[in-house]
Amino acid sequence: MTCAACAARIEKKLNRLDGVTATVNYATSKATVHVEGSTAIEPEIQRLVTTVEDLGYGAVPTSTDRGQSTTEIATQAHLDDIRRRLIVAVIGALPVMVISMIESAQFDGWQWVCLGLATPVVTCSAWPFHKAAWRNARHGVTTMDTLVSLGVIASIAWSVWALVWGGAGEIGMRMSMSILPRSTETHAHGSMGGAHHEIYLEVATTLTAFILAGRFFELRSRRRAGDALRALATIGVRHATLWRDGIESEIPIGALGVGETFVVRPGERVAADGVVVDGSSGVDCSMITGESAPIDVQPGDAVTGGTLNTSGRLIVRATRVGRDTVLAQMARLVERAQDGKAPVQRLADRISSVFVPVVMVLAIGTLVGWLIVTGDSERSFQAAVSVLVIACPCALGLATPVALLVGTGRAAREGVIIKGAHVLEATRAIDVMVLDKTGTLTTGVMTLAHVEALGDAVSGEQFAAIAAVEANSEHPIARAIVAGVRRHLENYDIAIDPTAVSNFANEPGVGVSGVVTIDDEVRRVVVRRASSSRSTGTVVDALIDDEAIARFVVRDEPRAEAKATIDALRKLGVKPMIVSGDAEAAVHHVASKVGIDAADTMAGVLPADKLAVVEQLESQGHSVAMVGDGVNDAAALVAADLGIAMGTGTDAAMEAGDLTIVSGHLSAVPSALRLSRRTLRTIRGNLFWAFAYNVAALPLAVAGLMNPVLAGLAMALSSVFVVSNSLRLRR
């Protein structure tokens with residue numbers, strides 16, 4: 001693809017296929033395609049590739065070859081091809097421009113030397129434009145390449161005609177420089193004169209060189225913009241050291257299975273997501289979470305594939321491998337976001353699709369109008385060529401995708417995953433943020449503060465049964481109870497066995513239940529939130545066969561960064577609220593510590609009620625963001641205008657969120673909002689300048705006030721400006 005119009009054309013054609021929904025991204029040179037109702041993958045891929053090839057473009061399924069994706073290989077090949085053509089164009093265009101525009105540099109027969117220098121430029125260097133224009137013409141469509149090709153062909157054709165039949169080929173002819181378009185009053189002069197001595201070899205060559213230079217730097221900048229995604233893809237390891245029966249053996253990473261153990265030596269990257277079973281070390285998670293300080297891990301701690309082991313030797317049991325690892329999911333989410341389109345870009349796409357035909361009509365009208373008004377064919381020709389050249393909508397097509405590419409890549413480096421272009425639009429209007437308490441505003445590392453028997457003394461077997469049921473839950477409260485009970489049972493030779501629980505059920509926001517054998521009797525254990533409590537902690541009751549036997553009080557403290565985060569949100573114009581399933585006293589306690597008014601809190605809220613709260617705020621005209629980390633937050637995350645999932649939470653929450661804070665640090669929430677809003681401002685700024693450039697330059701070209709050489713330079717610089725402006729997001 002050579003411009004945004006190409007991408008729009010391919011996308012339109014693919015979407016006409018039955019059951020196909022496609023998005024084609026010019027910046028990444030990729031098509032994201034969803035096919036419904038088909039299980040035959042290979043035939044569908046071939047159908048898609050054939051459709052694209054029928055349009056005259058090339059397409060290959062995404063895959064990897066020696067660590068490089070097919071997209072990277074194709075992009076590099078394209079970059080190398082443009083570089084070679086650009087070198088030829090510069091070698092030919094520079095002397096042609098100097099000789100043509102500086103009269104003192106002209107010598108007898110200079111025009112024929114310039115024709116010889118220009119020929120490889122307008123044929124070899126400009127060949128991609130001519131090829132694309134012809135391909136598009138066969139299908140009855142026009143693109144940016146049509147405008148460039150017509151401009152180059154018109155310039156060289158006029159020059160050849162003037163040299164052979166118009167008198168410009170006479171030995172001794174001289175041509176003076178003009179910044180503005182030249183007219184017959186300022187035409188070339190020579191020994192014999194003539195009606196058409198003006199030649200435009202410098203226009204044909206410099207136009208080709210400028211456009212190729214702009215495209216080369218644009219493509220190179222787009223590769224730089226995608227560095228973050230490539231970094232994610234390359235930090236994964238290709239081999240793992242398997243640990244089996246005390247023997248180490250190196251295997252390809254694809255052969256590592258879930259449940260197998262592997263060794264990670266100091267300086268090596270962790271091969272897959274897993275749990276440390278032996279050893280302790282510091283693990284550098286900076287590429288995943290954005291945190292620079294290594295995290296200390298020991299047996300029982302989870303580690304993420306792709307992170308760097310800095311000191312000790314670790315033995316890890318794999319829990320996720322291949323495409324299921326956090327690293328692979330991050331890469332897919334970032335890629336999905338970069339392949340998407342913001343609503344504002346869809347408007348730009350629609351404008352680009354009709355812009356080229358309108359410009360061609362305008363160029364013809366300019367030519368005819370100038371001929372009628374002035375009768376000056378040279379001036380008329382220059383004005384028409386200037387219109388063709390300056391109106392190329394390259395910058396318009398690059399305005400959104402390059403900024404989105406850089407913005408999402410920058411966010412990924414900082415441990416924030418933006419799931420789609422629509423997210424940027426959502427962040428602009430957010431004025432209320434609903435925050436869950438447990439695990440979001442608080443550390444989520446809850447501890448068992450108090451245990452109370454509600455009847456007779458609780459036996460060790462009963463405690464073990466309660467903990468076994470809770471061990472099947474991923475909620476922080478459940479983990480705190482399990483850890484507290486385990487410490488209590490250390491002196492009693494009683495094990496906690498989560499696998500002994502049958503019929504386990506998790507009711508989000510309420511509690512868990514399961515069937516366990518206690519003293520050779522099958523009993524039903526229920527652990528649920530207490531209906532009411534004045535405690536500043538969270539109160540949980542345990543029931544065995546519907547009889548309440550124990551009450552647990554667990555408590556966690558606000559995160560160290562919580563208060564600063566709340567202050568930062570207010571500075572962004574966002575009102576923070578706490579909506580939690582915990583007791584009112586516990587919620588108010590946390591709210592007072594982080595600086596949120598009690599009036600802006602809601603306690604004892606079930607998951608369905610969280611959803612209702614979000615919907616109620618939206619019905620009042622607010623644009624609502626929801627921050628959560630648990631299964632009980634998933635529905636509200638989906639319903640909110642902007643769902644922000646904490647990466648330390650559950651998979652359900654991370655899948656439901658529009659933004660995922662991989663590090664789990666609350667301070668990243670306002671940072672993510674700022675970066676998203678900044679990316680959106682950059683997109684809008686790019687679109688403004690792209691539109692402003694065409695709006696301002698086209699009238700100048702129509703009025704005959706724009707030299708075709710300057711028009712080509714301005715068009716190329718507009719694309720470079722848009723890309724360079726987007727790259728500022730990297731800082």
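Here is how the numbers come out for the structure above:
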| quantity | calculated |
| --- | --- |
| Candidate set from the range 332-361 (those that are surrounded by 19 or more Cβ atoms within 10 Å (Cβ to Cβ) and at pLDDT 65 or above); member that is farthest from Ile661 (Cα to Cα) | Val359 |
| Every residue from the range 557-581 that is touching a helix residue (DSSP H, G or I) at 6+ places or on another chain (Cβ under 7 Å) and part of a loop (DSSP other than H, G, I, E, B) | Arg559, Leu572, Ser580, Gly581 |
| Residue identified as on the phi > 0 side of the Ramachandran plot and either among the small types (Gly, Ala, Ser) or assigned by TED's automatic domain parsing to the domain that holds Leu55 (or both) among Gly151, Gly140 | Gly140 |
| Residue match in the range 595-607 (condition: under 21 Å from Val510 (Cα atoms) and hydroxyl-bearing (Ser, Thr, Tyr)) | yes |
| 3 or more residues touching a residue at least 12 places away in the same chain (Cβ under 8 Å) and within 39 Å of the chain's Cα centre (by Cα): qualifying helices (runs of 4 or more DSSP H) within the range 108-167 | 127-138, 144-164 |
| Scan of the range 235-256 for residues that are part of a loop (DSSP other than H, G, I, E, B), more than 30 Å from the chain's Cα centre (by Cα) and either closer than 15 Å to Val316 by Cβ or modelled with pLDDT of 85 or more (or both), ordered by number | none |
| Qualifying residue in the range 492-502 (condition: without any contact (Cβ under 8 Å) to a residue 12 or more places away in the chain, among the small types (Gly, Ala, Ser) and out of contact with any helix residue (DSSP H, G or I) (no Cβ under 9 Å at 6 or more places or on another chain)) | no |
| Strands (runs of 3 or more DSSP E) fully within the range 411-454 counting 1 or more residues that are within 13 Å of the chain's Cα centre (by Cα) and crowded, with 24+ Cβ neighbours inside 10 Å | 416-418 |
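The values are calculated or read from the model by the stated rules, or taken from the named source; none is laboratory data. Quick caveat, the model's predicted, so the values are computed rather than measured. All Cβ positions, even for glycine, are placed from backbone atoms using ideal geometry, and neighbour counts span all protein chains on display.
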